[in-house]
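The structure under discussion appears below in the form of structure tokens.
Taken together, the values in this text are just the output of simple stated rules run on the coordinates, not laboratory data. None of these values were measured; they are calculated from a predicted model. FYI the Cβ positions are ideal-geometry reconstructions off the backbone, even for glycines, and counts take in every protein chain you see.
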Amino acid sequence: MRFGYDEVCLRHDPGPRHPETPDRLLAIRQALEASHGARFITADPVDHATVTSVHDPSYVDLIEETCANGGGQLDQDTVVSEDSWRAARTSVGLAIDAARAAGHDVDRGATPFALGRPPGHHAVADRGMGFCIFNNVAVAAQNVIDEGLADVVAIVDWDVHHGNGTEAIFYDRSDVPFASIHEAGLYPGTGPVEETGGDAGSGATLNIPLQPGATTAAYIQALDRAIEPWLDAHDPDLILVSAGFDAHEYDPISRMAVTTEGFGQMTDRLLTMADEMCAGLAFVLEGGYGLDTLSDGVTKVHEVCHGYEPAPEPDTIREPDEAVIDEARSIHGLGS
């Protein structure tokens with residue numbers, strides 16, 4: 001795979017004992033260096049105008065000024081340090097590079113994956129939250145549309161937390177359809193199945209809030225039975241995956257039960273979907289807070305892109321998870 005990585009992103013320092021630590025990237029890099037075919041590229045930090053394609057200029061100014069003054073607290077979970085201004089803009093740059101590098105004719109082994117931090121999917125237009133400063137995947141989607149590289153960019157978010165920022169930014173638009181599989185009731189408490197988009201974006205938001213303890217089988221059924229036909233209806237030119245690994249069964253801050261092989265299965269499904277829809281595919285790192293489970297998950301994505309076939313797992317799911325998938329299908333007219 002083609003991994004975007006820049007050591008500038010290690011300099012974002014949210015403080016001791018914060019779960020979004022620079023060690024996350026270091027663990028991923030160490031694991032990938034032992035893998036065949038991992039290539040690393042860097043990216044320049046984007047400029048102010050690029051960030052304001054989805055964020056309010058006054059908010060971007062606030063981040064720049066706060067960092068210049070030594071940093072500060074955005075909310076109880078979200079901190080910026082002196083170096084966060086450059087790190088956050090570099091994380092955006094890595095996401096844009098991944099989106100630009102994706103294409104339906106790209107070999108699977110060259111699939112791009114942006115390994116930036118801080119993560120982004122909680123950041124709304126005028127506020128950072130949930131460890132996120134700028135919404136990396138949202139800026140990347142907007143950039144390829146503005147550059148004429150794609151007409152429709154779909155975002156599929158498998159992070160355990162709902163990508164509230166990404167949803168809010170594109171909620172009234174049809175050119176960036178957004179789908180999220182997440183743990184119901186977990187931070188930030190958003191993403192009910194009934195939210196489907198507004199105005200021109202009606203039907204372009206798909207939420208699948210699964211109950212705590214959902215297994216790989218529930219995620220696979222959500223992809224196969226809801227997200228695949230929904231994506232097909234929106235006919236994307238590019239699919240961006242907000243790839244958090246905190247739904248892992250051993251992640252320290254969630255209660256889901258996706259296995260490492262499960263992330264491989266999800267990757268395989270999305271690769272097949274992108275191929276069948278003649279769409280590009282790229283991954284953008286979000287959460288994942290166990291160093292071993294995070295690095296194992298990213299490595300599994302890499303292995304699948306290089307031809308590894310993930311082992312099958314039990315395909316039975318619990319009734320509440322099946323029910324919410326059925327409800328999402330019904331709401332979006334995807335069948336009973």
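Table for the structure above
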item: For the chain, share of DSSP beta bridges that run antiparallel, in % to the nearest 5; result: 15 percent
item: Length-normalised contact order of region 2-331 in % [C-alpha pairs under 8 Å, at least 6 apart]; result: 19 percent
item: Stretch gain in nm, segment Glu309-Ala125, where the contour uses 0.36 nm per residue and the Cα spacing is subtracted; result: 62.3 nm
item: Simple spin-label estimate for Glu33 and Gln73 in nanometres, 7 Å along Cα-Cβ; result: 3.6 nm
item: The chain: calculated mean residue ellipticity at 222 nm from DSSP helix runs of at least 4, using -39500 (n - 2.57); result: -11000 deg cm²/dmol
item: Amide H within-cut-off set for Gly280, under 5 Å, with H built and near neighbours excluded; result: His104, Leu238, Ile239
item: Region 78-89 - phi-based ³J(HN,Hα) in whole Hz, Karplus 6.51/-1.76/1.60, Gly and Pro as x; result: 10, 10, 10, 10, 4, 8, 5, 4, 6, 4, 5, 6
item: Rg ratio (alpha-carbon, reference 2.2 N^0.38 Å) - region 2-331; result: 0.90
item: Distance between modelled label sites at Glu194 and Ser330, nm, 7 Å Cα→Cβ extension; result: 1.4 nm
item: Ordering of 264-271, 141-148, 326-333, 251-258 by burial proxy (mean other Cβ atoms within 10 Å per residue, highest first); result: 264-271, 251-258, 141-148, 326-333
